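Report on one structure; see the data block that follows.
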Amino acid sequence: MSKHSPGPWVWQNKTNPWNDSADRGALRDADDLEVIGIEDSHDYGVSMTVNDVDAALIAAAPEMLALLRRCHTALSENFDNGGWCRDELEEVAALLKRLG
């Protein structure tokens, strides 16, 4: 299995240059390549494209988030936050806060 697209990923809304009645959005990677493309043509419905490796990463996101929460809790309870992983714990806490 090849590697997933490099992060960070950024969402971009744009119109379809070939059909101005269609809305198009894309999640783009750090190399500005499309990770997911979504198009609503209003006439034919919504279509989406994503490669298998990135789809697997996206599908695993809820499980990874749950694991990250458990790891953060375990590390927070077992270290004095002045130790070797204080900065990492703060980064994880900020990410978890952003994700809700």
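The values are calculated or read from the model by the stated rules, or taken from the named source; none is laboratory data. Since we're looking at a predicted model, the values are computed, not measured.
With respect to Leu75, is the statement that it is assigned to a helix (DSSP H, G or I) and at pLDDT 85 or above true?
no
Suppose we keep only residues that are over 22 Å from the mean Cα position of the chain (by Cα) and not in a helix (DSSP H, G or I) within the range 78-100. Which one would you say is modelled with the lowest pLDDT?
Among them, the one singled out is Asn81.
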